[in-house]
Ligand code: FES
C-alpha cells in the first residue's frame with residue numbers, strides 16, 4: 001500500500017472518531033507487519049487525534065511494533081521471573097549473535113535487512129517456565145543457552 005492510498009482506505013473503513021484509534025492501528029499492523037511512522041501521521045490526521053497520543057497507543061501494546069521486522073522474530077521475555085532466571089543472559093547471548101535488539105523508534109527499516117529480529121517482550125505469562133523465549137509466535141519455556149542456540153540455528 002502506498003501513502004496516497006491510505007487516506008481513502010481509512011476514510012472508507014474508519015469514521016473520523018478517536019474511538020477507532022486501536023482498530024485503525026491493528027488494521028495498519030495487519031497490512032504492513034509493523035506501524036510505519038508516516039502511516040501513524042496519517043491516522044493522527046484522519047482520526048483528529050494528536051500524534052503523541054497515536055504514538056502512545058502504538059507503543060503501549062506488545063503486539064504492535066514500530067520497526068520493520070526481519071524474516072524471523074525472536075523475543076526474549078524481560079518480565080521479572082524470566083529476566084532473573086536467565087533471560088538477561090539469553091538476551092546478551094542473542095544480542096552478540098544477532099545484533100542488538102531493534103530500537104523503539106518509528107520508521108526503522110533496519111529490521112527489514114535482518115533475517116532474524118531480536119526483541120524484548122514483557123511477561124508472556126509463562127512465569128513458572130522461566131526463562132521464556134518466543135520464536136516466530138511460538139513460546140518455549142525453561143530455555144537454556146544451548147536451547148536458544150539450537151532454536152536460532154534452525155532459522156539461519
Ligand atoms: S516473566 Fe517471563 S513469562 Fe512471566
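With the checklist (1) without any contact (Cβ under 8 Å) to a residue 60 or more places away in the chain; (2) under 18 Å from the mean Cα position of the chain (by Cα); (3) buried (at least 17 other Cβ atoms within 10 Å of the Cβ) in hand, flag the one item residue 22 doesn't pass.
Here residue 22 clears every test but (3).
Specify which of the listed residues (53, 71, 31, 12) is out of contact with any strand residue (DSSP E or B) (no Cβ under 9 Å at 6 or more places or on another chain) and modelled with pLDDT under 95.
Residue meeting the stated conditions: 31.
Given the conditions (1) farther than 30 Å from residue 154 by Cβ; (2) out of contact with any helix residue (DSSP H, G or I) (no Cβ under 9 Å at 6 or more places or on another chain); (3) in contact (Cβ under 8 Å) with a residue 12 or more places away in the chain, and given that residue 75 satisfies all but one, which numbered condition is not satisfied?
Only one criterion is unmet by residue 75, namely (1).
I'd like the residue in segment 95-116 that is modelled with pLDDT of 90 or more and under 17 Å from the mean Cα position of the chain (by Cα) and, out of all such residues, is nearest to the ligand (Cβ to nearest atom).
Kept after step one, since they are modelled with pLDDT of 90 or more, are these residues of segment 95-116: 95-97, 116.
Next, from what is left, pick out any that are under 17 Å from the mean Cα position of the chain (by Cα): 95, 116.
Numbers: 95: 18, 116: 20 Å.
Among those that are modelled with pLDDT of 90 or more and under 17 Å from the mean Cα position of the chain (by Cα), it is 95.
Just need a number here: residues in segment 40-77 that are within 14 Å of the ligand (Cβ to nearest atom) and surrounded by 19 or more Cβ atoms within 10 Å (Cβ to Cβ). Reasoning before the result, please.
Step one: filter segment 40-77 for residues within 14 Å of the ligand (Cβ to nearest atom), giving 62, 75-77.
Within this subset, residues satisfying the condition of being surrounded by 19 or more Cβ atoms within 10 Å (Cβ to Cβ) are 75-77.
Qualifying residue count, segment 40-77: 3.
The values are calculated or read from the model by the stated rules, or taken from the named source; none is laboratory data. Just so it is clear, the structure is predicted and the values come from calculations on it, not from any experiment. Cβ coordinates were reconstructed from backbone atoms using ideal geometry, including for glycine residues, and neighbour counts include every protein chain displayed.
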